[in-house]
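Q: Just passing along the structure, written as structure tokens.
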Amino acid sequence: MASTPTSNRGTWNTKIGFILAAAGSAVGLGNIWGFPTQVADNGGAAFILIYLLCCLIVGFPVMVAEFTIGRRTQKNPVGAFKALSNGNPLAALIGYWGVLCGLMILSFYVVISGWTLAYVFEELLFFIGYESLAETIGDLGNGPKNAIFTLAFMVLTVLIVTGGVSQGIERATKALMPILLAILVVLIIYIFTLDGATDGLRMYVSPDFSTVSGGLVLSALGQAFFSLSLGMGALITYGSYLNKKQNIVESAAYVTIFDVGIAIIAGLLVIPAMFVAQAAGVQIFNPETGDLFSSVTLVFDVLPEMFHNVGGIIGMLLGVTFFILLGLAALTSSISLLEVPVSYVIDEHNVRRKKAAWMVGGIVGVIGVIVSFELGLIDLFVFIFNEIGLPLGGLMICIFLGYFWKTENALLEMKDGFDNIDNTAFGPVWTFFVKFVSPLLIALVLASMVWGLFGG
Ligand code: PHE
């Protein structure tokens, strides 16, 4: 087998460092923005239940699969599938697809992340009385302004990735994740002192099962893949820097629980905040359709208006910390999106890390600038690379692992760090999910999507 680990690839320094890095990848815009707005849109707690199921029966098994493939091969996704299939080009395609998804998802992710950065300044400028400048910086349709903030965010991401695995990614996420958690908790406590927050809480915890439909399962599964960073090899790449002592199954459980937990906690902030805005007279429902405004409007119009209503230094602090929270969460995810193509270039083309990071970052930066001017591309990219791309990647990973590399081999790899795995039910249960349940569910969801696309 061509999987001799190269010693200079870098490894995680500590167990907790790896878990936080993977959790940092998972916790991002998908949790703090995507999840709460999807819950509000899709029948409150009914969506949460289906989402939890998707994470448990598809997300967790696929995450274990990705970590295992990564640690077994110690390679980027392309190299990993090549190594496990003795160079079969068809298998390598799974890896190439992941690298492409990483590049394209990052190209719109940095634009949205750039908005969060811009809104930190918007809130500050509004506070010190520069209202028209604040308006310019807060204008999402301003292409040149978007491009500047997109590139600034991209440079930040590249700078962390050039630092390498333990000195760059691990160090940054270890410092940033506790800050993120602290900000989240403080904001929630404050939001609940404001009028209207409990109405939001009521909507959040009461399920409306009349909204449950095929479409909702589709959204929940797509959201699970995106939020858990699955399907494109980000966690294969992070797994490739793991040593043999770490328990993969336990780590995957921590990361899943952490990610789902933060999404649920973020809902306790964002949904009540929307209703606080409403109580203060801000529209949150479209008066024509009766539907909730789009997630972009909610996060970048409704919430800032609420912060301005609160006013004074408290309003400013609320706004600034909220957008810093969103930006930090985005940053620890964008570094993992960049790390996938970067590790591919390093491993497969023998390029030094620094050069690889700036090169790939440059390409993403150029696409990001185009997206900054043509915002319609975001929806298109989300559809192709996130809603279809990630579940498709997950499906191919399950099929490859279940039927070609074989789950017995994967379980053998998991034994390192989980000595008594054979005395638990994990092996057979996981095998059943990876071979049958997860691929079937993903295939059904993808088929219904294609069906819908052709007007079925
Ligand atoms: N999980 C990240 C989020 O929730 C996005 C992401 C997707 C990161 C895929 C890496 C890979 O925002």
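Q: Restricting to the range 14-51, what's the tally of residues that are under 29 Å from T289 (Cβ atoms) and more than 11 Å from the ligand (Cβ to nearest atom)?
A: Of the residues in the range 14-51, 16 are under 29 Å from T289 (Cβ atoms) and more than 11 Å from the ligand (Cβ to nearest atom).
Q: Against the conditions (1) more than 14 Å from the ligand (Cβ to nearest atom); (2) crowded, with 18+ Cβ neighbours inside 10 Å; (3) farther than 30 Å from F433 by Cβ, where does V110 fall short? Just the number, please.
A: Condition (1) is where V110 drops out.
Q: Condition first: surrounded by fewer than 24 Cβ atoms within 10 Å (Cβ to Cβ) and modelled with pLDDT under 95. Can you find one or more residues in the range 65-81 that meet it?
A: no
Q: Taking the stated definitions as given, is L292 touching a residue at least 12 places away in the same chain (Cβ under 8 Å) and either touching a strand residue (DSSP E or B) at 6+ places or on another chain (Cβ under 8 Å) or among the hydrophobic types (A, V, I, L, M, F, W, C) (or both)?
A: Working: touching a residue at least 12 places away in the same chain (Cβ under 8 Å): yes; either touching a strand residue (DSSP E or B) at 6+ places or on another chain (Cβ under 8 Å) or among the hydrophobic types (A, V, I, L, M, F, W, C) (or both): yes.
Criteria met by L292.
Q: For the range 223-233, which positions are within 8 Å of the ligand (Cβ to nearest atom) and more than 10 Å from the chain's Cα centre (by Cα)?
A: Our first condition is that a residue be within 8 Å of the ligand (Cβ to nearest atom); within the range 223-233, this holds for 225-232.
Once the filter is applied, which keeps residues that are within 8 Å of the ligand (Cβ to nearest atom) and more than 10 Å from the chain's Cα centre (by Cα), the range 223-233 yields G231, M232.
Q: Which condition breaks for E387 when tested against (1) more than 13 Å from the ligand (Cβ to nearest atom); (2) of a type in the set (D, E, K, R); (3) touching a residue at least 24 places away in the same chain (Cβ under 8 Å)?
A: (1)
Q: Step by step: first the residues of the range 147-175, then only those that are of a type in the set (S, T, Y) and closer than 25 Å to E374 by Cβ, then the one that is farthest from the chain's Cα centre (by Cα). Which residue is that?
A: Taking the range 147-175 and keeping what is of a type in the set (S, T, Y), we get 150, 157, 162, 166, 173.
Now restrict to residues that are closer than 25 Å to E374 by Cβ: 150, 157.
Working: T150: 18, T157: 15 Å.
Looking at the filtered set, the residue picked out is T150.
Q: Further question on the same structure: Do any residues in the range 117-146 that are more than 20 Å from G368 (Cα to Cα) and at pLDDT 95 or above have Cβ atoms under 8 Å from those of residues that are exposed (fewer than 15 other Cβ atoms within 10 Å of the Cβ) and among the hydrophobic types (A, V, I, L, M, F, W, C), where the two are at least six apart or on different chains, and which pairs are they?
A: L125/L133; F127/I313
Q: Let me ask something additional. Quick one: what pairs do we get from the range 263-284, first residue without any contact (Cβ under 8 Å) to a residue 60 or more places away in the chain, second charged (D, E, K, R), C-beta under 6 Å, 6+ apart or different chains?
A: Every condition considered, the pairs that remain are V282/E305.
Q: Please give the number of the condition A172 fails out of (1) small (G, A, S); (2) crowded, with 19+ Cβ neighbours inside 10 Å; (3) without any contact (Cβ under 8 Å) to a residue 40 or more places away in the chain.
A: With (1) small (G, A, S); (2) crowded, with 19+ Cβ neighbours inside 10 Å; (3) without any contact (Cβ under 8 Å) to a residue 40 or more places away in the chain applied to A172, the lone miss is (3).
Q: Looking for something within 23 Å of M104 (Cβ to Cβ), in contact (Cβ under 8 Å) with a residue 12 or more places away in the chain and not small (G, A, S) - is there at least one such residue anywhere in the range 400-417? Step through it out loud before you land on a result.
A: Of the residues in the range 400-417, the ones within 23 Å of M104 (Cβ to Cβ) are 400.
Next cut, in contact (Cβ under 8 Å) with a residue 12 or more places away in the chain only: 400.
Next, from what is left, pick out any that are not small (G, A, S): 400.
Scanning the range 400-417 turns up at least one residue that is within 23 Å of M104 (Cβ to Cβ), in contact (Cβ under 8 Å) with a residue 12 or more places away in the chain and not small (G, A, S).
Q: Can we say L375 is among the aliphatic types (A, V, I, L, M), in contact (Cβ under 8 Å) with a residue 40 or more places away in the chain and within 16 Å of the ligand (Cβ to nearest atom)? Write out each step before concluding.
A: Details: among the aliphatic types (A, V, I, L, M): yes; in contact (Cβ under 8 Å) with a residue 40 or more places away in the chain: yes; within 16 Å of the ligand (Cβ to nearest atom): no.
In short, no.
Q: From I257, I271, I265, grab the single residue that is aliphatic (A, V, I, L, M), under 15 Å from the mean Cα position of the chain (by Cα) and within 21 Å of I32 (Cβ to Cβ). Let's see the steps before the verdict.
A: Working: I271 fails: under 15 Å from the mean Cα position of the chain (by Cα); I265 fails: under 15 Å from the mean Cα position of the chain (by Cα).
The conditions single out I257.
Q: Within the group S85, S107, which residue is at pLDDT 95 or above and over 18 Å from the mean Cα position of the chain (by Cα)? Give the steps one after another, and end with the answer.
A: Details: S107 fails: over 18 Å from the mean Cα position of the chain (by Cα).
After ruling out the rest, the residue left standing is S85.
Q: Could we say that L326 is in contact with a helix residue (DSSP H, G or I) (Cβ under 7 Å, 6 or more places away or on another chain), of a type outside the set (S, T, N, Q), part of a helix (DSSP H, G or I) and within 26 Å of V161 (Cβ to Cβ) here?
A: Working: in contact with a helix residue (DSSP H, G or I) (Cβ under 7 Å, 6 or more places away or on another chain): yes; of a type outside the set (S, T, N, Q): yes; part of a helix (DSSP H, G or I): yes; within 26 Å of V161 (Cβ to Cβ): yes.
So L326 passes the test.
The values are calculated or read from the model by the stated rules, or taken from the named source; none is laboratory data. Note that the structure is predicted; figures quoted are calculated from it, not measured. Cβ atoms come from the backbone with ideal geometry, glycine included; neighbour counts cover every protein chain shown.
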